Amino acid sequence: MSKLKGSCLCGKVSFEVASSFDKMFLCSCDQCRQITGSAFASNLFTAADQFKWLSGGDDIANYQMPGRDISKSFCRTCGSGVPWSSGDGTKMIVPAGSLQGEPEVAQMYRTFISEQPLWSSTLDQVEAHEGFPS
Ligand SMILES: [Zn+2]
Ligand SMILES: [Zn+2]
């Protein structure tokens, strides 16, 4: 099976994962908006045995929201979101933006669109540029 590598922005945390995923969730819930600072979280799910850390295990910090099944793992140095293990340890959740290369995804889902901010609800109508507008 082909593999993809991924890392945080500074490169301390890196990993390798099978390139094909069953599911990807683009989640616009209030918690994902706040935890990412962006319109939605983009998370891929894979079986734990399809995933391997290459470096930086000690450089990862984790935030667990009290009383909720919501958490985020991030690089202590650069703050990038990095993969984390599901509560029962059977799955790894991989932030899609941490991958170098394109994953194969069987099924994508947008979730909690009722909670998405207005400014992200019409992205296909926003003026688009290859770089900054001149
Ligand atoms: Zn980093
Ligand atoms: Zn969410």
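Brief remarks on what is shown
- Using a Gaussian network model of the chain in which every pair of alpha carbons under 10 angstrom is joined by a spring, one finds that among Phe112, Phe40, Phe21 the greatest mean-square fluctuation is at Phe112.
- Label separation (Thr111 vs Ala128): 2.6 nm, computed from points 7 Å beyond Cα along the C-beta direction.
- Using only side-chain charges placed at the Cβ, +1 for Lys and Arg and -1 for Asp and Glu, the dipole size of the range 48-125 relative to its Cα centre rounds to 180 debye.
- Normalised by 2.2 N^0.38 Å, with N the number of residues, the alpha-carbon radius of gyration of the range 3-117 equals 1.01.
- Paramagnetic label reach from Asp59 (point 7 Å along Cα→Cβ; backbone nitrogen cut-off under 20 Å): within the range 1-38, residues 4-17.
- Remark on Lys3: its backbone amide H falls under 5 Å from those of Ser19, a criterion applied only to residues 5 or more positions apart or on other chains, H modelled at 1.01 Å from N.
- Highest-MSF residue in the chain out of Asp88, Asp69, Asp22 [GNM, Cα springs under 10 Å]: Asp88
- Rounded to the nearest whole Hz, the Karplus-based 3J(HN,Hα) values (6.51 cos²θ - 1.76 cosθ + 1.60, θ = phi - 60°) of the range 12-21 follow the sequence 5, 9, 9, 7, 9, 8, 4, 7, 9, 10, with x at glycine and proline.
- Relative contact order of the chain, defined on C-alpha pairs under 8 angstrom at six or more residues apart (%): 32
- Accessible area of the chain belonging to carbon and sulfur atoms, whole % at 1.4 Å probe: 51
- Rolling a 1.4 Å probe over the protein heavy atoms gives the chain an accessible area of 64 Å² per residue.
- Spin-label proximity, Glu16 to the range 68-101 - amide N less than 15 Å from point 7 Å beyond Cα toward beta carbon: 100
- Selected from Gly56, Gly97, Gly81 as most flexible by GNM, with the chain as the system and alpha-carbon contacts under 10 Å: Gly56
The values are calculated or read from the model by the stated rules, or taken from the named source; none is laboratory data. In this text, all values refer to a predicted model and were calculated from it rather than measured experimentally. Positions of Cβ are generated from backbone atoms using ideal geometry, with glycine treated the same way; all protein chains shown enter the neighbour counts. Heavy atoms of the whole protein, side chains included, go into the accessibility calculation; ligands, DNA and RNA do not. Shrake-Rupley method; radii C 1.70, N 1.55, O 1.52, S 1.80 Å.
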